[in-house]
Every structure is written in structure tokens, then in C-alpha cells.
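Working notes, beginning with the structure itself.
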Amino acid sequence: MGNKREHYFDYNATTPVDERVLEVMNGFFHDRFHNPSSFYQTARQARSAVEEARSKLARALNASPEEVFFTSGGTESDNLAIQGVVRRFLKDDCHIITSRIEHPAVKNTFEFLEREGYAVTYLPVNPGGRVKPGDLSRAIRKNTRLVSVMTANNETGVIQPVTELIRICHRHGILFHTDAVQALGKIPVDVKNLDADLASFSSHKIYGPKGVGILYRKKGIKLVPMIHGGGHEKGLRNGTENVPGIVGFGEAARQVVTETKEYRERIRKMRDRIQRALLEKIPQVQINGDLDHRLFNTLNLSIRFIEGESIIALLEQHRIALSSGSACSSKSLEPSHTLLAMGLSHEDAHGSLRISLGKNNTDADADRLIEVLPGIVQGLRERSPLWEG
Ligand code: PLP
């Protein structure tokens, strides 16, 4: 990692590019810089590199290469999936469903479409942060066209019952999209077995470069493109391909599906050790999210009577990096919509921290966090008018 002394616990926000991924990408910036759409020999090599990356991604997801479309990241894939379906229908004949805990890339797209006049239902979640399949069944209307529910939540790590949700949708002939950005590399994602129609993925969450993602589109599903141009990606996503990024993503996906098993149990144990120690050393702490359905690397907790932001600022002085709420929305001081949907009070949502681990974390990182955080909390509480401890 760039700064060797940083204790980084924000892998759900982004991951460092794996050195082997970087090596594979390097050749495509200067010597092999060619446009994959050109016709000469060197350009054909760039095309082969893109197609090889597509095959690696397809293999990682158990998809066919023809079902994999490169985009600029998870956000664009979510937009393309949702808007690409919805634009096929007239506003007054199109009802769409999502959940209350989606990433802003899905949430804000649904809210935008709602303002445009589409009918939208937002499914609630239980206190553990999971959508209840019965709620989906009840929300379905005659003109429901699309349901989008994430595979795993970026803030809590809670894994959603997507298999059941997909079954319900398909019984009613409704398309299902899942934002699987946080799931890839953490739980098996087999799109064929899952029978998802559309699924979004992002490279920079799996030790690949930023600015590249894919949309999986099951064969036969029709989408209206959002970006028009020269016919790239079969006309679904136009624009010259980000060859180094795509090559890096392919390699990162190949690695993550074959190598996660090498560090999953080590990281799970480290996460659980941090959880136990913080519960023991800090009074008035609660863990957020269903513990039986949680990604191995994620821990979300609320520390009562103080603000997550204040803790983060103080942790930074010890070179410890982690998030309060989700990184993407941490510029706003609004409490996390995910935690509010789970029934947390504004105060508890404000006092939330997300600790997300990754393959480069060491026991020394965990020791440092366990050593430093309780003292910071105590110091802040002593200055808090709400704390009577
Ligand atoms: N969806 C989820 C669940 C995410 O966690 C993220 C990133 O934070 C995104 C979508 C957006 O992906 P990208 O940063 O590649 O646009």
C-alpha cells in the first residue's frame, strides 16, 4: 500500500490495485496503446486483450462472454441496467421496485425516475437490514417491469435473499437486477445459478483499477443504451474501450475468485476479534446488521452518544482509516439511509462506524485499532453533554 504505515479499514470504499494486476495493465498504456476498433495487427492485439478480459470476467461469474458489457464502473452499470429497462416502457405503464438500503447509484436513479413520473415502490428491511420476500410479493403490480435489490450492502455487509427475490420476480415475468458490487470476491456470485437478468460489478472493489465495471446482461434481455456512439460493446455502451482498465479488471476478477479462500478465514477471524474486543472495551455499542447473513470482511457498529465523524477525525491522527456511514455519501452529514431503514434512531445512525477489512490487513492493524479506538471514544464521551457514564 502507498503509505506503509496506514492502517486501512475501508476496503468497501475501495481497494489498492494488486501489484500483479498493475503489471498486466502496464503494457497497455504506452507500447500496446492501440485502439481495439482499428484494423491493423497491433490493434487486433488490443482487441484480443479486451476479449480475453471479458472471458475471464465471464468465467468468474459463470456467464458467457457475450453477456458481459464493459462500463465505467458500478454506478454506470446500475444506471444502464435500470434506465435501460425502464426506457422501453411508457411512464404510466411502468412500475419499478427497489429497496430502502440501496447504494446511491441505484437509490438516486430510482428517485430520478420517480420524479420523471414512473411509479416506484421502496421495500422496507427488517431490523437486521434484509428485505423480506413477502414484502416483494405484496408490492408487485400488473405493470411491474423491474425489481432491483443489491446482493450485499456496502455499509453493513448484510447479504440479501436475492435467490428468493428472483424466483418471485420470474413467477410474475418481471426482470431482476442486482447490484453485486460488494458481493464479488466475498461470496460466490454465479449469475447462471442465481438466474439474475442483470447484475452490476465494479473493478476497484476487488483490487482492480478505478473507472471500470461491467454489466452482466442475460442473453435475450433488451436494454435501451444510455451512451450513443460508434457501436462499441454491441452498441449498448459506446465509447473507445478503457483497455488498461479492462485488462486489469479481468485479471483482478480471475485472482479474486481463485484466491479469496486463501485469506477469507483469516480476515473473518480478525473482523470477529475486533468486534469482540470493541464490545468488551466500549460500553453502549451495538453491532448493526444480521450477523448470520454478513460479508466476512464488514463490521458496522453504532457507538452511542458520539458522532462517527469525530471518531474518524481522531483515528486519522493515528493513521487509521475507516468510514462513518458510506464513503460515497460521507460528504453529506445526513445519517445513513440504510441504518435509518433498519430502524436505528438518528443519533445511533450518526454514531455509526464501518470497519471493512481486506487481504492486506495484518494482525498489527487490528491490534492498533483495538488499542486506540476505546480511548478516543472515552475522550469524546467525557466531553459529550449526553453521556452520563
Ligand atoms: N454499488 C455499490 C454497492 C457500491 O458499494 C459502489 C461503490 O461504493 C457502487 C455501486 C459504485 O461503484 P463505482 O464506484 O464503480 O461507480
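Among the listed residues 173, 185, identify the single one that is more than 30 Å from residue 93 (Cβ to Cβ) and either of a type in the set (Val, Ile, Thr) or out of contact with any Phe, Trp or Tyr (no Cβ under 6 Å at 6 or more places or on another chain) (or both).
It is 185.
Which residue is nearest to the chain's Cα centre (by Cα), if the candidates are limited to segment 75-85 and must be over 14 Å from residue 111 (Cα atoms) and within 12 Å of the ligand (Cβ to nearest atom)?
Checked segment 75-85; the qualifying residue nearest to the chain's Cα centre (by Cα) is 75.
Only one residue in 191, 158 is open to solvent by less than 10 Å² (accessible area, probe 1.4 Å) and out of contact with any Gly (no Cβ under 6 Å at 6 or more places or on another chain), so which one is that?
191
Report yes if some residue within segment 357-364 is in a helix (DSSP H, G or I) and at pLDDT 95 or above; otherwise report no.
yes
Among the residues of segment 47-74, which ones are open to solvent by 30 Å² or more (accessible area, probe 1.4 Å), touching a residue at least 40 places away in the same chain (Cβ under 8 Å) and of a type outside the set (Gly, Ala, Ser)?
52, 56, 59, 62, 66
If a residue must be under 17 Å from residue 50 (Cα atoms) and in a strand (DSSP E or B), how many such residues does segment 208-246 contain?
4
Determine whether segment 181-190 contains at least one residue that is among the acidic types (Asp, Glu), away from the ligand (no atom under 11 Å from the Cβ), closer than 23 Å to residue 14 by Cα and in contact (Cβ under 8 Å) with a residue 40 or more places away in the chain.
yes
Using the structure shown, decide if residue 88 is within 16 Å of the ligand (Cβ to nearest atom), basic (Lys, Arg) and open to solvent by 10 Å² or more (accessible area, probe 1.4 Å).
No.
What number goes with the only condition from (1) within 13 Å of the ligand (Cβ to nearest atom); (2) surrounded by fewer than 16 Cβ atoms within 10 Å (Cβ to Cβ) that residue 262 does not pass?
Every listed condition holds for residue 262 apart from (1).
Can you tell me how many residues within segment 207-240 are touching a Phe, Trp or Tyr at 6+ places or on another chain (Cβ under 8 Å) and within 16 Å of the ligand (Cβ to nearest atom)?
Residues in segment 207-240 being touching a Phe, Trp or Tyr at 6+ places or on another chain (Cβ under 8 Å) and within 16 Å of the ligand (Cβ to nearest atom): 8 in total.
Mind checking which residues of segment 233-253 are in contact (Cβ under 8 Å) with a residue 12 or more places away in the chain and surrounded by fewer than 19 Cβ atoms within 10 Å (Cβ to Cβ)?
234, 238, 239, 240
If you check 214, 221, which single one turns out to be surrounded by 23 or more Cβ atoms within 10 Å (Cβ to Cβ), of a type outside the set (Phe, Trp, Tyr) and within 26 Å of residue 148 (Cβ to Cβ)?
The conditions single out 214.
Right, residue 101: buried (at least 21 other Cβ atoms within 10 Å of the Cβ) and outside any loop (DSSP other than H, G, I, E, B) or not?
Considered against the rule, which asks whether it is buried (at least 21 other Cβ atoms within 10 Å of the Cβ) and outside any loop (DSSP other than H, G, I, E, B), residue 101 comes out as no.
The values are calculated or read from the model by the stated rules, or taken from the named source; none is laboratory data. This is a predicted model, so every value here is computed, not measured. Methodologically, a virtual Cβ is constructed for each residue, glycine included, from the backbone with ideal geometry; neighbour enumeration extends over all protein chains shown. For the accessible areas, the whole protein counts, side chains as well, though only heavy atoms, and no ligand, DNA or RNA atoms are used. Shrake-Rupley method; radii C 1.70, N 1.55, O 1.52, S 1.80 Å.
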